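First the structure, in the form of structure tokens, and then the observations on it.
The values are calculated or read from the model by the stated rules, or taken from the named source; none is laboratory data. Owing to the predicted nature of the structure, the values given are computational and were not obtained by experimental measurement. Positions of Cβ are backbone-derived with ideal geometry, glycine not excepted, and every protein chain shown enters the neighbour counts. When the accessible area is computed, the model is the full protein with side chains, heavy atoms only, and any ligands, DNA or RNA have been set aside. Shrake-Rupley method; radii C 1.70, N 1.55, O 1.52, S 1.80 Å.
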Amino acid sequence: MYIYLEGVRIFARHGVLPQETQVGSYFTIDLRLKTDFSQAARTDELEGTISYADVHTVLKEEMQIPSKLLEHVCERIAQRLFHDFASIEEIHIRLSKENPPMGADCKNVGVEVHYTR
């Protein structure tokens, strides 16, 4: 069983170059969380699952902390999600930076990671 948020677009100030943290950029997050929500499926109640809204709040908060590397941002997001939601067994994160300043015609660059509790 998986809960996912796909295409979450957030403005943030991550990057190695000083210009990247000053100007900022848009980032896109695709997130997949492995959890058991069978109780919520049976009862039709939010108890027994993970609220998408609560997960989105974590993403927004962690993305507002500037980091040089997207790898570091993913690590922070994963650790926070594991901490805040005990029922998460696995986390899959894809984090992309739009229009990176690297002198190439490139829509997105990023990282993709998988964490297991």
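Selection of region 27-60 for residues being within 15 Å of E6 (Cα to Cα), touching a strand residue (DSSP E or B) at 6+ places or on another chain (Cβ under 8 Å) and hydroxyl-bearing (S, T, Y) yields T28, Y52.
Any residue at all in region 61-73 that's without any contact (Cβ under 8 Å) to a residue 40 or more places away in the chain, more than 17 Å from E6 (Cβ to Cβ), among the hydrophobic types (A, V, I, L, M, F, W, C) and in contact with a Lys or Arg (Cβ under 9 Å, 6 or more places away or on another chain)? Within region 61-73, one or more residues are without any contact (Cβ under 8 Å) to a residue 40 or more places away in the chain, more than 17 Å from E6 (Cβ to Cβ), among the hydrophobic types (A, V, I, L, M, F, W, C) and in contact with a Lys or Arg (Cβ under 9 Å, 6 or more places away or on another chain). Residues in region 66-117 that are over 19 Å from T35 (Cα atoms), surrounded by fewer than 18 Cβ atoms within 10 Å (Cβ to Cβ) and of a type in the set (A, V, I, L, M, F, W, C): L69, M102, A104, C106, V109, V111. Residues in region 89-117 that are over 20 Å from E62 (Cα atoms) and of a type in the set (A, V, I, L, M, F, W, C): M102, A104, C106. Screening E45 on (1) open to solvent by less than 20 Å² (accessible area, probe 1.4 Å); (2) part of a loop (DSSP other than H, G, I, E, B) shows it passes everything except condition (1).
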